[in-house]
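Here is the structure we will look at, set down as structure tokens.
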């Protein structure tokens, strides 16, 4: 019995002894956690933004540049909103997923928009769409709230839409863009 008591006393003393002189509390103990340091685990935070000058991945929609979907000559034979065929005045990326075209027709400037789309937008459109046969792997169209007409096309490498002032020009320009989609 004496041995057991002395062994217990020795264990109790050993449990109280520590060579660590740091008195700051550690995680998993009662008390405050140590203050965070000013540094991170990495010595440098890297800039991970995409470099738009690099090559697009294979089979990217329009080779990674939506502004290649339509070119100036595409508008020369297309009547929009019942006006004479127009001439491309200006085009440019509005975002990484869209390109806007300004077309002068008659005395009016008209806007055309090409956008990358998602499968969900194709399968669950905001309104009841018109089904457009013979365009890509599938196509739908509908009038938007602002009165323009949107044609959404499914291709092997994604989805894109063309928005114009009227249905006929939207379908014709979507057919032209389909040839450049890479799908």
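If you average the sequence gap of Cα pairs under 8 Å that are 6 or more apart and divide by the length of region 61-178, what percent do you get for the contact order? Dividing the mean separation by the residue count of region 61-178 yields 23 percent.
To the nearest 0.05, what FRET efficiency results for residue 144 and residue 79 with a Förster distance of 22 Å applied to their C-beta separation? So the FRET efficiency works out to roughly 0.65.
Applying D = kT/(6 pi eta Rh) to region 61-178, where Rh is the Kirkwood radius over alpha-carbon pairs, T corresponds to 20 °C and eta to 1.002 mPa s, the Stokes-Einstein value obtained is 152 µm²/s.
Please list the equivalent ellipsoid semi-axes of region 54-110, computed as the square roots of five times the alpha-carbon gyration tensor eigenvalues, in descending order and whole angstrom.
Calculated on Cα positions only, the semi-axes equal 27, 11, 8 Å.
For residue 124 and residue 59, the difference between the fully extended length at 0.36 nm per residue and the C-alpha to C-alpha distance is 20.9 nm.
Every number in this text was worked out from the coordinates using simple rules, so none of it is lab data. Everything quoted here is computed from the prediction, not taken from an experiment. Methodologically, a virtual Cβ is constructed for each residue, glycine included, from the backbone with ideal geometry; neighbour enumeration extends over all protein chains shown.
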